[in-house]
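K.L.:
Next up is a structure, given as structure tokens.
The values are calculated or read from the model by the stated rules, or taken from the named source; none is laboratory data. Only a predicted model underlies this, so the values are computations on that prediction, with no experimental measurement involved. Heads up, the Cβs are rebuilt from the backbone with ideal geometry, glycines too, and the neighbour counts pull from every protein chain shown.
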Amino acid sequence: MGNIQSCCQTPNDSPKPGMHSGLVSQGVSKSDVYDPGTRKSVAVPPATAVQKVAKLDDLDFEEGQPVLRMSDLKMPAEMDLELIPSDYPKADTIFRKKFQMDVEEKSKKSHSFHVSSGLHEKHSSCSTIFLDGSTICQPNPKITMQCLGLAIYYHIKNRDTNRSKDIFEEPLHPLTEESVPEEYFYHNPDPESIYRFIYPIFTAFKLTGEFAITTLVYIERLVIYAEIDISPTNWKRVVLGAILLSSKYLDDLAIWNVHFCRIIKGLTLKDLNELERQYIYLLQFNLCVSTSVYAKYYFDLRSLASYHGLPVVLAPLRRERAQKLEAISRYCENPSMFNVDVKKSSSCDNFTDMHHANAILS
């Protein structure tokens with residue numbers, strides 16, 4: 001305040017949805033922008049700026065190094081932001097729409113809708129409630145991974161076109177040391193093959209069901225933001241990049257990219273770093289997943305599991321189980337309620353009582 005240059009912008013220069021402010025590196029003009037498809041710097045008209053965020057001399061960049069500028073990120077003009085399922089809870093998930101297409105196709109072929117007999121179903125009553133071992137806070141890892149494989153399968157099977165980016169193409173960036181025949185990419189993978197690909201990664205890093213749900217959110221966000229389709233040639237690298245980002249963002253795990261290279265033998269560290277960098281760029285650095293969006297994907301995956309008859313073990317709700325679920329719900333609503341302040345030492349002049357967590361009494 002009081003200086004000639006003000007940090008505030010005029011109302012006419014407020015950012016638009018899908019656009020961000022960015023920095024310009026030393027030695028690179030404002031009209032140079034990196035194109036992930038060509039991996040070259042191409043010329044675009046310079047963008048107007050109200051003020052300089054920082055001096056060029058203060059920025060430590062290598063000369064000639066291309067810079068991804070957030071100001072160049074735009075959402076497609078014809079896209080309605082409220083129809084993006086990975087960002088808005090009211091929009092239907094993409095895999096659910098593609099799954100319903102498959103159901104409608106099967107119903108047309110059989111000319112009748114499948115009606116379950118209900119003989120093997122367990123229904124809850126006032127005296128007995130049947131629950132499985134999965135909750136929205138702690139989804140069953142195996143069932144959730146199987147549902148993730150099914151969701152990816154429907155993306156591939158019911159894709160509209162074969163749009164893709166070079167960074168995701170497995171023929172250009174192989175994941176195996178052995179050469180893969182070209183005929184391999186002509187056939188859609190089955191859900192079991194997809195599950196066998198993601199299972200070793202989740203097991204090696206001890207990733208839980210929440211990571212599988214977040215992975216699916218990132219995949220569908222990439223499909224819309226980057227305007228691509230999941231196909232037999234790119235699904236492995238698309239899934240791998242989503243798992244990598246979710247493992248780092250969701251719980252801030254100490255996972256290095258080199259650890260992924262040890263699991264996938266044909267993957268080089270340089271290739272994985274480039275995949276991660278372009279993945280974040282195509283997602284427009286948007287890795288946030290709201291609670292409502294997460295819940296929507298969780299329940300849609302449960303519907304998918306129910307339709308395919310995945311082995312969900314139902315058991316009557318016992319008293320111990322009810323107390324455990326109540327404790328989890330209370331912790332999610334107010335985590336500070338269970339924090340215990342522990343001091344290493346205290347004196348008589350400044351004595352503080354230790355706070356204990358509230359116990360659940362029956």
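Every residue, every condition in (1) over 14 Å from the mean Cα position of the chain (by Cα); (2) not charged (D, E, K, R), yes or no:
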{"position": "Arg163", "(1), (2)": "yes, no"}
{"position": "His173", "(1), (2)": "yes, yes"}
{"position": "Glu177", "(1), (2)": "yes, no"}
{"position": "Glu182", "(1), (2)": "yes, no"}
{"position": "Thr203", "(1), (2)": "yes, yes"}
{"position": "Lys206", "(1), (2)": "yes, no"}
{"position": "Thr214", "(1), (2)": "no, yes"}
{"position": "Pro232", "(1), (2)": "yes, yes"}
{"position": "Ser246", "(1), (2)": "no, yes"}
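K.L.:
Still on this structure, I have one more. So which pairs qualify, if the first residue must be in segment 238-261 and farther than 20 Å from Leu172 by Cα, the second must be part of a helix (DSSP H, G or I) and modelled with pLDDT under 90, the Cβ gap must be under 8 Å, and the two must be at least 6 apart or on different chains?
P.N.:
Here the result reads Ile255/Lys248, each pair linking segment 238-261 to a residue that is part of a helix (DSSP H, G or I) and modelled with pLDDT under 90.
K.L.:
Would a scan of segment 185-199 turn up a residue that is over 26 Å from Ile263 (Cβ atoms), at pLDDT below 95 and part of a helix (DSSP H, G or I)?
P.N.:
Looking for residues that are over 26 Å from Ile263 (Cβ atoms), at pLDDT below 95 and part of a helix (DSSP H, G or I), one finds at least one in segment 185-199, hence yes.
K.L.:
With Ile219, Ile224, Ile243 as the choices, which residue is surrounded by 21 or more Cβ atoms within 10 Å (Cβ to Cβ) and out of contact with any Leu (no Cβ under 8 Å at 6 or more places or on another chain)?
P.N.:
Of the residues listed, the single one that is surrounded by 21 or more Cβ atoms within 10 Å (Cβ to Cβ) and out of contact with any Leu (no Cβ under 8 Å at 6 or more places or on another chain) is Ile219.
K.L.:
May I pose another question? Any idea how many residues of segment 143-167 are surrounded by 15 or more Cβ atoms within 10 Å (Cβ to Cβ) and assigned to a helix (DSSP H, G or I)?
P.N.:
Matching residues across segment 143-167 total 16.
K.L.:
Can you confirm whether segment 274-286 contains a residue that is in contact with an Asp or Glu (Cβ under 7 Å, 6 or more places away or on another chain) and in a helix (DSSP H, G or I)?
P.N.:
Within segment 274-286, not a single residue is in contact with an Asp or Glu (Cβ under 7 Å, 6 or more places away or on another chain) and in a helix (DSSP H, G or I).
K.L.:
Give me the residue from segment 246-259 that is in contact with a helix residue (DSSP H, G or I) (Cβ under 6 Å, 6 or more places away or on another chain) and of a type outside the set (Gly, Ala, Ser) and, out of that set, modelled with the lowest pLDDT.
P.N.:
Leu253
K.L.:
Can you pull out every residue in segment 168-183 that is outside any loop (DSSP other than H, G, I, E, B) and either touching a strand residue (DSSP E or B) at 6+ places or on another chain (Cβ under 6 Å) or under 28 Å from Leu301 (Cα atoms) (or both)?
P.N.:
Phe168
K.L.:
Could you tell me whether any residue of segment 197-206 is among the aromatic types (Phe, Trp, Tyr), in contact (Cβ under 8 Å) with a residue 60 or more places away in the chain and under 18 Å from Tyr218 (Cα atoms)?
P.N.:
Yes, segment 197-206 contains at least one residue that is among the aromatic types (Phe, Trp, Tyr), in contact (Cβ under 8 Å) with a residue 60 or more places away in the chain and under 18 Å from Tyr218 (Cα atoms).
K.L.:
Only one of (1) under 28 Å from Asp102 (Cα atoms); (2) modelled with pLDDT under 85 is not met by Thr128, so which one is it?
P.N.:
So the condition that Thr128 fails would be (1).
K.L.:
Quick check: is even one residue across segment 176-183 more than 18 Å from Asn257 (Cα to Cα), free of Cβ contacts under 8 Å to residues at least 60 places away in the same chain and among the aliphatic types (A, V, I, L, M)?
P.N.:
Checking segment 176-183: at least one residue is more than 18 Å from Asn257 (Cα to Cα), free of Cβ contacts under 8 Å to residues at least 60 places away in the same chain and among the aliphatic types (A, V, I, L, M).
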